[in-house]
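Peer 1: Take this structure, written in structure tokens, and hold onto it; I'll ask about it next.
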Amino acid sequence: MTMINSKLPTVGTSIFAVMSEMANKYGAINLSQGFPNFEVSEKIIELVAQYMRKGFNQYAPMPGVMILREVIAQKTFKLYGAKYNPETEINITAGATQAIFTSISAIIQKNDEVIVFEPAYDSYVPTIELNGGIPVLVQLKYPDYKINWDEVNNLINTKTKMIIINSPHNPTGSLLDKNDIKKLSDIVQNNDIFILSDEVYEHIIFDNLQHESIAKYPELFDKSIIISSFGKTFHATGWKTGYCLASEPIMREFRKVHQFNVYASNTPVQYALADFLQNENEYLQLPAFYQKKRDFFISLLKNTKLDIIPTKGTYFQLFDFSKISKLNDTELSVLLTQKYKIASIPVSAFYKEKIDSSVLRFCFAKDNQTLEKACEKLIFAIEDIDG
């Protein structure tokens, strides 16, 4: 048998896939993987069907359907005051993860260093390593998960090529503020460093807080790649459609990789999204929609011994369980799934060194009935384990 010299020898199956498979096997309510269980808007489903029936079923242009790129340019200018040329600076992708993979592949070369903040979405580090880069990990500390910019500044050297930021942040729900962006800007301004800004939860922010998109900062335009996701925004993660914003020189390199990675994204979905986005309320109402879900979920668990770690954005909620169990977070997550039929994600899975702060992540992008049933199971588990 011919042996494979693995490019990712330490990488196994994603924690999301592992916990979802376990949830299915044991009949658990799945609050682990980040996907909504409620329906996509009937309007957009009908729009997709219309474009399918009209014959828009072959390859889209490699950069994406122009009308959708134009609408994204208008949306970005209206929200953030940034002008992106839809012809040369916007690209539709097969989801945000593909956009992240393509961005890193286009820029990172052997021995380039990339600063990654942990806990981190699990695609960043493997993609860096596949491209011969070196991940430089900076830990966000429990409970506020704020960036120590002095620590970041001390790590900058001639090999530093990219800093990856994610706000609103998965898994912690923390946000970058204006001061964070100022510190980031100070670091990269006089260095040959790119910023990869993962903004897939840009429209899911709570308590009247504002999203500090990198697009708001013209001084960072020539250094930045911004990633967004229609799947996250419109409850359609299975459609795998997102987009990338970048200056023309960066986008030129992005498209060199994109064309050989997936070439083009789903054609009828792109046309449907271009129509759907004309009604800005479809995304402007999301903060209120998800804040109600967050508040409802928290209200069901407020009288338990779980300590609530405030989430400012995303559709994830962290809980500290240290008053209930001495198990590590992975052990408790498995126990809850297998015995008590409620699946979560251990936050240690988002750290390379599996740092355990006794914190679990739950997805609250579910209908209220599911959240109620999940909390009933979780409350019973807490009482049983604690008792």
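Peer 1: Residue pairs, Cβ under 8 Å, 6 or more apart or interchain, first in the range 179-190 and farther than 12 Å from Ile165 by Cα, second buried (at least 17 other Cβ atoms within 10 Å of the Cβ) and basic (Lys, Arg). List them.
Peer 2: Every condition considered, the pairs that remain are Val188/Lys223.
Peer 1: Follow-up question, since we're still on this one. Kindly indicate whether Thr88 is outside any loop (DSSP other than H, G, I, E, B), surrounded by 13 or more Cβ atoms within 10 Å (Cβ to Cβ) and in the same structural domain as Gln270 (by TED's automatic domain parsing).
Peer 2: No: the conditions fail for Thr88.
Peer 1: Specify the residue that is surrounded by the most Cβ atoms within 10 Å (Cβ to Cβ); the eligible residues are those in the range 98-134 that are touching a Lys or Arg at 6+ places or on another chain (Cβ under 7 Å) and aliphatic (A, V, I, L, M).
Peer 2: Val114
Peer 1: Which is in a helix (DSSP H, G or I), charged (D, E, K, R) and touching a residue at least 12 places away in the same chain (Cβ under 8 Å), of Glu331, Glu372, Glu383, Glu376?
Peer 2: Details: Glu331 fails: touching a residue at least 12 places away in the same chain (Cβ under 8 Å); Glu383 fails: touching a residue at least 12 places away in the same chain (Cβ under 8 Å); Glu376 fails: touching a residue at least 12 places away in the same chain (Cβ under 8 Å).
So the residue among Glu331, Glu372, Glu383, Glu376 that is in a helix (DSSP H, G or I), charged (D, E, K, R) and touching a residue at least 12 places away in the same chain (Cβ under 8 Å) is Glu372.
Peer 1: Using the structure shown, decide if Phe254 is buried (at least 22 other Cβ atoms within 10 Å of the Cβ) and not assigned by TED's automatic domain parsing to the domain that holds Ile100.
Peer 2: Taking the combined requirement at face value, the residue does not satisfy it.
Peer 1: Which members of the range 351-387 meet the condition of being small (Gly, Ala, Ser) and surrounded by fewer than 22 Cβ atoms within 10 Å (Cβ to Cβ)?
Peer 2: Listed by number, the residues that qualify are Ser357, Ser358, Ala381, Gly387.
Peer 1: Something else: Please count how many residues of the range 306-346 are in contact with an Asp or Glu (Cβ under 6 Å, 6 or more places away or on another chain) and either closer than 18 Å to Ser14 by Cβ or assigned by TED's automatic domain parsing to the domain that holds Leu140 (or both).
Peer 2: Looking only at that region, the number is 2.
Peer 1: Against the definition (polar (S, T, N, Q) and touching a helix residue (DSSP H, G or I) at 6+ places or on another chain (Cβ under 7 Å)), how does Ser174 come out, yes or no?
Peer 2: No: the conditions fail for Ser174.
Peer 1: Given (1) over 14 Å from Val359 (Cα atoms); (2) part of a helix (DSSP H, G or I); (3) without any contact (Cβ under 8 Å) to a residue 40 or more places away in the chain; (4) polar (S, T, N, Q), where does Thr337 come up short, assuming only one miss?
Peer 2: (3)
Peer 1: Take the range 289-299 and flag every residue that is under 20 Å from Glu42 (Cβ atoms) and without any contact (Cβ under 8 Å) to a residue 40 or more places away in the chain.
Peer 2: Hit for the range 289-299 is Phe289, nothing else.
Peer 1: Might you let me know whether the range 104-123 holds any residue that is touching an Asp or Glu at 6+ places or on another chain (Cβ under 9 Å), within 23 Å of Thr10 (Cα to Cα) and either free of Cβ contacts under 8 Å to residues at least 12 places away in the same chain or of a type in the set (Ser, Thr, Tyr) (or both)? Full working, then the answer.
Peer 2: Within the range 104-123, the subset touching an Asp or Glu at 6+ places or on another chain (Cβ under 9 Å) is 106-107, 118, 121.
Then keep just the ones that are within 23 Å of Thr10 (Cα to Cα); that gives 118, 121.
Filter once more, so that each one left must be either free of Cβ contacts under 8 Å to residues at least 12 places away in the same chain or of a type in the set (Ser, Thr, Tyr) (or both): 121.
Yes, because at least one residue in the range 104-123 is touching an Asp or Glu at 6+ places or on another chain (Cβ under 9 Å), within 23 Å of Thr10 (Cα to Cα) and either free of Cβ contacts under 8 Å to residues at least 12 places away in the same chain or of a type in the set (Ser, Thr, Tyr) (or both).
Peer 1: Condition check: under 25 Å from Thr88 (Cβ atoms) and either over 22 Å from the mean Cα position of the chain (by Cα) or not β-branched (Val, Ile, Thr) (or both). Does Gly242 satisfy that?
Peer 2: Spelling it out, Gly242 is indeed under 25 Å from Thr88 (Cβ atoms) and either over 22 Å from the mean Cα position of the chain (by Cα) or not β-branched (Val, Ile, Thr) (or both).
Peer 1: Tell me, which residue of the range 2-20 that is in contact (Cβ under 8 Å) with a residue 40 or more places away in the chain and small (Gly, Ala, Ser) is nearest to Tyr124 (Cα to Cα)?
Peer 2: The extreme case among them is Ser14.
The values are calculated or read from the model by the stated rules, or taken from the named source; none is laboratory data. Given the structure is predicted, the values throughout are model-derived calculations rather than measurements. Here the Cβ is made from the backbone with ideal geometry for all residues, glycine too, and neighbour counts use every protein chain on show.
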